[in-house]
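These notes are about the structure you will find just below.
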Amino acid sequence: MLIVKLKPSLTWLLLFVPIAIVLRFWPGAENPTALFICSAIGIVPLAGWMGRATEALAARMGEGAGGLLNATFGNAAELIIAVIALSNGLTSVVKASITGSIIGNILLVFGLSILCGGIKYSEQRFNQTGARTSAISLSLAAIGLIIPTVFHMAAEHSPGGWSPIMEQRLSLAIAVVLFVTYFCVLGFSLKTHRHFFQGTEGQLEERGEVWSRGKATMILIVATGFVALLSEFLVGTIESVRATFGITETFVGVIIVAIVGNAAEHSSAILMAMKNKMDLSVGIAIGSSLQIALFVAPLLIFVSYLFGKPMDLEFSRPEVFAVVASVYILFQIAGDGETNWIEGVQLLSVYVILGILFFYLPEVVVH
């Protein structure tokens with residue numbers, strides 16, 4: 001008798017891709033809620049395959065080009081969802097997904113990693129210097145999010161009043177600064193001070209065989225195409241799902257879209273922590289937040305001008321508070337270079353509390 005042992009894998013979730021396509025195009029199968037759920041689940045394994053293909057290409061291109069490729073495609077799923085949402089005029093969802101990805105990686109991903117690793121190992125250590133350097137860069141991003149909100153509050157009471165055009169110009173200037181800073185951070189971590197980020201080597205080894213350049217390129221192209229298709233389905237059903245469940249655009253962006261876009265990274269960070277490779281886990285969690293704040297957010301500002309719908313970086317006060325609080329907590333955790341399971345519980349508690357806040361928060365009109 002032949003016994004086949006099936007290993008749990010995100011690849012199983014690829015079954016939801018054809019289901020979502022059938023729900024979208026099959027006459028009589030129309031169900032916006034089911035389409036939203038299947039599209040969201042289907043994006044998760046595709047994002048994982050995109051991540052693996054990107055890493056395989058990066059390994060064969062050398063550190064400089066590889067690092068740039070990782071920066072471009074590292075958060076490709078979130079970027080594609082956000083671009084499609086921008087083209088549909090859902091600016092609130094896009095902004096919320098930016099803050100949601102930042103706090104989700106810091107509190108949810110890092111929190112789960114610390115908890116799962118801490119259950120197995122009583123104490124885990126990581127490179128304190130590298131983590132603090134990334135945390136400081138994230139603080140810069142938090143300042144970038146605060147400034148437009150402060151500007152709005154101050155300009156409202158000035159004699160000249162507040163101007164949307166002026167705020168867009170302010171946001172564009174801040175986006176340029178964040179974008180340039182990201183490439184400086186990239187050069188710092190990949191070239192001049194690589195030793196601060198020890199532990200990044202060997203990540204590909206943990207994933208098994210390294211794909212050939214041709215295979216990785218083909219998988220990246222196909223997976224990107226399907227992510228774009230499912231993202232179109234996802235964004236197209238947001239309004240219907242909001243009406244059905246009575247949730248706001250902010251909650252959809254901060255919690256749901258952020259979790260879907262980051263799910264593949266979630267699993268990688270947790271897996272590394274459970275193997276006592278906390279440098280890798282910290283690198284995935286904090287590095288992804290950094291990428292969103294300094295690379296993806298500015299890029300979305302630039303893309304919004306291509307659509308003729310300029311977006312600004314003014315966030316609601318609850319969103320600004322959530323990011324600032326998350327970065328502050330990260331500083332406390334990263335300060336001593338070691339973690340235990342109770343710190344994971346504490347991070348997750350803050351994430352759940354913020355999730356409850358955004359669930360009950362009425363739709364916030366920024367302008």
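The values are calculated or read from the model by the stated rules, or taken from the named source; none is laboratory data. Bear in mind that the values here come from a model prediction, so they are computed numbers and not experimental data. Neighbour counts run over all protein chains shown; Cβ positions are idealised from the backbone, glycine included.
Here are a few things to note about the model shown:
- Gly117 meets the stated requirement of being closer than 16 Å to Lys277 by Cβ and either assigned to a helix (DSSP H, G or I) or among the acidic types (Asp, Glu) (or both).
- Condition met for Ile238 (modelled with pLDDT of 80 or more and within 26 Å of Lys277 (Cβ to Cβ)): no
- Any hit, the range 75-90, residues being assigned to a helix (DSSP H, G or I), at pLDDT below 85 and of a type outside the set (D, E, K, R): yes
- Sole exception among (1) within 30 Å of Glu319 (Cα to Cα); (2) modelled with pLDDT of 80 or more for Ser212, by number: (1)
- Pair list, Cβ under 8 Å, 6 or more apart: the range 11-29 residue among the basic types (Lys, Arg), other residue in a helix (DSSP H, G or I): Arg24/Leu35; Arg24/Phe233
- Residue in the range 235-255 that is touching a strand residue (DSSP E or B) at 6+ places or on another chain (Cβ under 6 Å), in a helix (DSSP H, G or I) and in contact (Cβ under 8 Å) with a residue 40 or more places away in the chain present: no
- Those residues of the range 150-187 which are among the β-branched types (Val, Ile, Thr) and within 18 Å of Ser304 (Cβ to Cβ), in sequence order: Ile165, Ile174, Val176, Val177
- You will find that of Lys277, Lys309, the residue that is buried (at least 18 other Cβ atoms within 10 Å of the Cβ) and basic (Lys, Arg) is Lys277 and no other.
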